[in-house]
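Below is one structure; the comments refer to it alone.
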Amino acid sequence: MGVIVKQMGMLLIISGPSGTGKGTLVKKLMDSDPSFGFSCSVTTRARRPGEIEGVHYHFIDDAEYDRMLLHDEFLEHATVHGHRYGTPAKQVEALLAAGKNVLLDIDPQGALCVMSKVKDHVSVFVLPPSFSALRVRLHTRNTDDPVEIERRLANARKEVLNIGKYQYAVINDDLDLAFSQLQSIVNAEKQRTNRFIPTIMED
């Protein structure tokens, strides 16, 4: 007797306006769930204090970015806040083929692009409790100048209008509650029958 289970990889897209704390949620999920592999995006922006090459992003110059564009190496790519970002397709495909769950932490512009290309995905939009709270978070983060902060806030007001294109939404007001909700989404999606395929053996 027994059950043989085939588990297929899941593409989890976590997105939302800059400053909503989605990076913190992603880190907590990665630390607590070994079934996930992280797809590290590339960017042409400068590295912020504390960021690690190959962990937070692959930091590349415009010439390398142009080369990747020319050879169609991106699953998605976008220019956000004046900087260029992209998700290497081969990295995602290799992880999914190996049966790993893949987590994409990407901006809403890139998320919508991936969602239009990849039918089998799980999408979660992370919101701040209010725009005033988002402004405080962006200032507290102390990584952007006032002009950049205002640009990010203006973008956020537009980005939340697309929330209906996502499958799930999480408001990150209380981090522990938001993370619990994210875990519930992930655990339920792992049990979908297109990913969780059990075979019951005869006696």
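The values are calculated or read from the model by the stated rules, or taken from the named source; none is laboratory data. Just so it is clear, the model here is predicted, and its values are computed rather than measured. Ideal geometry is used to build each Cβ from the backbone, glycine not excepted, and the neighbour counts take in all protein chains shown.
Here are some notes:
- Scope the stretch 24-50; condition closer than 16 Å to Ile106 by Cβ and at pLDDT 90 or above; matching residues: Thr24, Leu25, Val26, Lys27, Leu29, Met30, Phe36, Val42, Thr43, Thr44, Arg45
- Test: residue in the stretch 172-184 that is modelled with pLDDT of 90 or more and closer than 20 Å to Ser41 by Cβ: yes
- Pairing residues of the stretch 11-32 that are in contact (Cβ under 8 Å) with a residue 60 or more places away in the chain with residues that are surrounded by fewer than 21 Cβ atoms within 10 Å (Cβ to Cβ) and aromatic (Phe, Trp, Tyr), at Cβ distances under 7 Å and at least 6 apart in sequence or on separate chains, gives Leu25/Phe179; Lys28/Phe179; Leu29/Phe36; Met30/Phe36; Met30/Phe38.
- For Ala97, the criteria (1) over 26 Å from Asp66 (Cβ atoms); (2) of a type in the set (Gly, Ala, Ser); (3) within 18 Å of the chain's Cα centre (by Cα) hold in every case but one, which is (3).
- Members of the stretch 117-142 found to be in contact with a strand residue (DSSP E or B) (Cβ under 9 Å, 6 or more places away or on another chain) and either without any contact (Cβ under 8 Å) to a residue 12 or more places away in the chain or among the basic types (Lys, Arg) (or both), listed by number: Lys117
- If the condition is being buried (at least 17 other Cβ atoms within 10 Å of the Cβ) and among the hydrophobic types (A, V, I, L, M, F, W, C), then the stretch 23-39 contributes Leu25, Val26, Leu29, Phe36, Phe38.
- Among (1) over 30 Å from Leu96 (Cα atoms); (2) more than 21 Å from the chain's Cα centre (by Cα) - the single one Arg157 does not satisfy: (2)
- Residues (out of contact with any strand residue (DSSP E or B) (no Cβ under 9 Å at 6 or more places or on another chain), outside any helix (DSSP H, G or I) and of a type in the set (Gly, Ala, Ser)) located in the stretch 16-45: Gly19
- Among the residues of the stretch 139-157, those identified as surrounded by 11 or more Cβ atoms within 10 Å (Cβ to Cβ) and either within 19 Å of Glu76 (Cβ to Cβ) or of a type in the set (D, E, K, R) (or both) are Arg141, Asp144, Glu148, Glu150, Arg151, Arg152, Asn155, Arg157.
- Residue, nearest to the chain's Cα centre (by Cα), within the stretch 46-60, restricted to residues that are surrounded by 13 or more Cβ atoms within 10 Å (Cβ to Cβ) and in a strand (DSSP E or B): Tyr57
- Yes/no for Leu75 being at pLDDT below 95, within 23 Å of Gln167 (Cα to Cα) and under 17 Å from the mean Cα position of the chain (by Cα): yes
- Tally, over the stretch 153-203, of residues that are assigned to a loop (DSSP other than H, G, I, E, B), closer than 15 Å to Leu134 by Cβ and of a type in the set (A, V, I, L, M, F, W, C): 0
- Wholly within the stretch 61-138, helices (runs of 4 or more DSSP H) carrying at least 2 residues that are of a type in the set (Gly, Ala, Ser) and buried (at least 18 other Cβ atoms within 10 Å of the Cβ): 108-117
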